[in-house]
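The values are calculated or read from the model by the stated rules, or taken from the named source; none is laboratory data. Just so you know, these numbers come straight off a predicted model, no measurement behind them. Counting neighbours? That spans all protein chains shown, and the Cβs are built from the backbone with ideal geometry, glycine included.
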Amino acid sequence: MRLNQLPINVTQRVKKVNPFTLMPEIEHQLADIGFIPGEKVTVLRKNLFGGDPMMIRIGLSTFALRKQEAELIEVEDLKDND
Amino acid sequence: MTESKIHFFPKEPLVALVGNPNSGKTSLFNLLTGGKQKVANYAGVTVERKEGKLDLGSQSLRILDLPGVYSLYPRSLDEEITCNVLLGRATGEKKPDLVLCVLDATNLRRNLRLVLAVKRMRLPCIVVINMMDIARKRGIDINLSKLEQELQLPIVESIGIQTKGDKAVREKLAAYDFKTHDNTLNSTEISDHQLIEADNTVVQGILKRMGLDQIIADPLSDRFDRILLHPIVGPIILFIVLFFIFQAVFSWAEYPKEMIEAGTDFVSQFISNLLPEGWLQSLLVHGVIAGLGGVLVFLPQILILFFFILLLEESGYLPRAAYLLDRLMGSVGLSGRSFIPLLSSFACAIPGIMATRTISNARDRLVTILIAPLMTCSARLPVYALLIGAFIPARKIAFGIELQGFVLFALYAAGILGAMLVAWILKTFLSSQKAFHPLMMELPNYHMPSFKNIVIGLWQRTIIFLKRVGGTILLLTIALWFLASYPNPPLGAIGPAIEYSYAGMLGKALAIIFAPIGFNWEISIALVPGLAAREVVVSSLATVYAIAGQASSAEEALTPILQQGWSLATALSLLVWFVFAPQCLSTIAVVKRETGGYKIPMIMLTYLFSLAYLASFITYQTALYFGLG
């Protein structure tokens, strides 16, 4: 599942960040701010009209992401030891 | 022939502050150096390196404040500055002798990764755990000696927002021996991106062993956000807040304004009585006092506006406003990163344009630079306030809303809409590829605004304003007085003397161009020195009318003169002109510096002047049509 499809207030873990050919640096930028495999991620709220942008809790930080970049992030269910 | 440049660096050891954005580097810098750099509660306030001196008694150190970074891999211009300094590649700066790695105690999870990257560079490093007070309050207990062992680096704590919160840092620096440590071992390798996952695993391990791996978010911020960022309530609150600010700019300023006016009148009377009639009296009364007094009167309104801006900045609400307005920005093809630079432009376009360095995409950065001057800067406030005060009646429209404040709000809105329109045009006609405009903006925890920071901020604003009044505005006013007073009219001339002066002649020539938008020759002449800075138009109008009106009316305020002399159509047209016209040389100079050439400033000047003329033309002609001429 992609981060933009994640329902509000459900915590999952980051599986991977997909590259984006038109803007290669975006993948690393997302990693820099904490989107690293295994990190816990929650969608806190979405704006009206299509949920863009959305407010994300990644690790301990809170970031506003647009749908476009949230789409690059794959998430998966938490594991037992999380 | 190649020439190698030799730099002579001051002999004091150089200490650089490195850390994540918004981890409090600048607060700590200000504490250590007694500096007064701008601090606010959002990422990316510092975009340039700033230097200060720390005197430890035994020796003094040079402290360097650097833009915040999430990693040591530069992606935007401000991050590049930090990386270059650490690598010793920055022009005119040596490699730091010591790095203070400043961490936000409430978010070690993310902040510790940067320590690992700095460590890999093998620069001597002391870790500073900042915001310890907030961490303690939230029940985050950090065992510093244990962390010291884990990282194999010396660690101190600090509280950046508290006087003496830097005590431990000072002690550590005083005890540090700069001679035994050597920064030449530095590997030039930049942290590789494959390493970030490995680094994260290391950090997780450290946090787990220290019992800090629980995710404890700030419950208070989450509670605030539930209301302030609510999909429906949030935007309504934002709108009310902004609306209230503009109302306050007019309704709160009345009393201090009257006091300044009374003071100006008194000085002007006093000098008129003291000096004999002649050129010196005219220069002082018509030139200096009428001109400067005319601008000075607007200081209270500027301060009220900045009081609210500082309050919003300090609290952490600003990035939230960006979040709420992001849809609007996105729909015209603007990057979410443009918001903060554009918002800074409400104070002044210059820091706004410099803040675009945080935008990594070159095209997005350029568009933001081009539209930044359309944000209503504080230099327009005197012009707006003068014209609104003179032409818009002070009465309430529905729900106790003041009409004057409402018009001011509308002018700010017009600037924003103009900017959106220009961005949309640029997006539609220039964008070649499918655009990707990321936001990725951190929403920091709310902080209680510090009274001290707000007072310092307002004080700095006052100094900046007074410097402008005493510098640029004074000079141009004197120059204009000269041009408006000489040459003397020929013998037997009828009509006011100013019409025969250089300024009068120039004004009359320019008035031909400006007639279709309703500007008379007095306005036309005031616009010329007003090219240097917007407020100068107010002082220039005061000077021109004071000279034209002869000595007796010099004490009279500008407002009634304008009310008698101008039609409402002309006033509206001039207001609209100031929404768009690029009447500011410093902005143009900064655009040239930031874009590295004359091309962009030229494009900017052309499009802004055309837009201003067109908008004023439409306004004036429409107003004439409705009989407001």
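Can you tell me which residue in segment B:454-491 is nearest to the other protein chains (Cβ to nearest Cβ), limited to those that are surrounded by 13 or more Cβ atoms within 10 Å (Cβ to Cβ) and assigned to a loop (DSSP other than H, G, I, E, B)? Per the criteria, the residue is B:Tyr486. Against the conditions (1) over 9 Å from the mean Cα position of the chain (by Cα); (2) outside any strand (DSSP E or B); (3) at the interface with chain B (Cβ under 9 Å from one of its Cβ atoms), A:Asn81 satisfies every one except (3).
For segment B:89-143, the set of residues classified as in a helix (DSSP H, G or I) and either of a type in the set (Gly, Ala, Ser) or farther than 23 Å from B:Ala217 by Cβ (or both) consists of B:Ala105, B:Leu116, B:Ala117, B:Val118, B:Lys119, B:Arg120, B:Ala135, listed by residue number.
Of the residues making up segment B:313-340, just one is outside any helix (DSSP H, G or I) and at the interface with another protein chain (Cβ under 10 Å from one of its Cβ atoms), namely B:Ser335. Pairs needed: first member in segment B:597-616, under 24 Å from B:Asp364 (Cβ atoms); second member anywhere, exposed (fewer than 14 other Cβ atoms within 10 Å of the Cβ); C-beta distance under 9 Å; at least 6 residues apart or different chains. Correct list of pairs: B:Pro601/B:Ala589.
Before we move on, is B:Val45 closer than 16 Å to B:Leu123 by Cα, touching a residue at least 12 places away in the same chain (Cβ under 8 Å) and either assigned by TED's automatic domain parsing to the domain that holds B:Arg122 or among the hydroxyl-bearing types (Ser, Thr, Tyr) (or both)?
Spelling it out, it is not the case that B:Val45 is closer than 16 Å to B:Leu123 by Cα, touching a residue at least 12 places away in the same chain (Cβ under 8 Å) and either assigned by TED's automatic domain parsing to the domain that holds B:Arg122 or among the hydroxyl-bearing types (Ser, Thr, Tyr) (or both).
B:Arg223 meets each of the listed conditions (1) farther than 27 Å from B:Gly470 by Cβ; (2) in contact (Cβ under 8 Å) with a residue 40 or more places away in the chain apart from (2).
Among the residues of segment B:240-251, is there at least one that is within 14 Å of chain A (Cβ to nearest Cβ), more than 16 Å from B:Leu381 (Cα to Cα) and surrounded by fewer than 19 Cβ atoms within 10 Å (Cβ to Cβ)? Talk me through it step by step, then tell me what you get.
Going through segment B:240-251, the residues within 14 Å of chain A (Cβ to nearest Cβ) turn out to be none.
Taking every residue of segment B:240-251 in turn, none turns out to be within 14 Å of chain A (Cβ to nearest Cβ), more than 16 Å from B:Leu381 (Cα to Cα) and surrounded by fewer than 19 Cβ atoms within 10 Å (Cβ to Cβ).
Just wondering, is there one or more residues in segment A:31-41 that are assigned to a strand (DSSP E or B) and more than 9 Å from chain B (Cβ to nearest Cβ)? Within segment A:31-41 (the criterion being assigned to a strand (DSSP E or B) and more than 9 Å from chain B (Cβ to nearest Cβ)), the answer is yes, since at least one residue qualifies. A:Gly50 meets the conditions (1) buried (at least 20 other Cβ atoms within 10 Å of the Cβ); (2) small (Gly, Ala, Ser); (3) within 9 Å of chain B (Cβ to nearest Cβ) in every case but one. The failed one is (1). Restricting the first member to segment B:486-498 and to residues that are within 16 Å of B:Gly287 (Cβ to Cβ), and the second to residues that are in a loop (DSSP other than H, G, I, E, B) and modelled with pLDDT of 75 or more, the beta-carbon pairs closer than 8 Å and six or more apart or on different chains are B:Tyr486/B:Ser501; B:Ala497/B:Asn488; B:Ala497/B:Pro489.
Please tell me if B:Arg534 is at pLDDT below 85 and within 34 Å of the chain's Cα centre (by Cα).
no
Screening B:Arg170, B:Arg138 for residues that are out of contact with any His (no Cβ under 7 Å at 6 or more places or on another chain) and at pLDDT 90 or above leaves exactly one candidate, B:Arg170. Quick check on B:Ser268: is it crowded, with 17+ Cβ neighbours inside 10 Å, farther than 27 Å from B:Ala385 by Cα, of a type outside the set (A, V, I, L, M) and out of contact with any strand residue (DSSP E or B) (no Cβ under 7 Å at 6 or more places or on another chain)? Taking the combined requirement at face value, the residue does not satisfy it.
Selection of segment B:421-453 for residues being among the hydrophobic types (A, V, I, L, M, F, W, C), outside any loop (DSSP other than H, G, I, E, B) and either within 14 Å of chain A (Cβ to nearest Cβ) or surrounded by fewer than 18 Cβ atoms within 10 Å (Cβ to Cβ) (or both) yields B:Leu421, B:Trp424, B:Ile425, B:Phe429, B:Leu430, B:Met441, B:Phe451.
Got at least one residue in segment B:226-246 being among the charged types (D, E, K, R), over 24 Å from B:Thr472 (Cβ atoms) and modelled with pLDDT under 85? The answer is no, given that none of the residues of segment B:226-246 is among the charged types (D, E, K, R), over 24 Å from B:Thr472 (Cβ atoms) and modelled with pLDDT under 85.
Within segment B:357-393, if we keep just the residues that are within 14 Å of chain A (Cβ to nearest Cβ) and outside any helix (DSSP H, G or I), the residue that is modelled with the highest pLDDT turns out to be B:Ile359. Taking the conditions (1) free of Cβ contacts under 8 Å to residues at least 60 places away in the same chain; (2) within 30 Å of B:Asp222 (Cβ to Cβ) in turn, B:Pro300 satisfies each one other than (2). Out of B:Ala90, B:Ala105, one residue alone is surrounded by 18 or more Cβ atoms within 10 Å (Cβ to Cβ) and either within 15 Å of B:Lys25 (Cα to Cα) or in contact with a strand residue (DSSP E or B) (Cβ under 9 Å, 6 or more places away or on another chain) (or both). It is B:Ala105. Out of the residues in segment B:590-604 that are under 17 Å from B:Val47 (Cβ atoms) and aliphatic (A, V, I, L, M), which is surrounded by the most Cβ atoms within 10 Å (Cβ to Cβ)? Selected residue: B:Val591.
Somewhere in segment B:44-61, is a residue assigned to a loop (DSSP other than H, G, I, E, B), within 19 Å of B:Glu79 (Cβ to Cβ) and small (Gly, Ala, Ser)?
For segment B:44-61, residues assigned to a loop (DSSP other than H, G, I, E, B), within 19 Å of B:Glu79 (Cβ to Cβ) and small (Gly, Ala, Ser): present.
A single entry from B:Leu474, B:Leu506, B:Leu491 fulfils the requirement of being modelled with pLDDT of 85 or more and more than 28 Å from B:Asn273 (Cβ to Cβ): B:Leu506.
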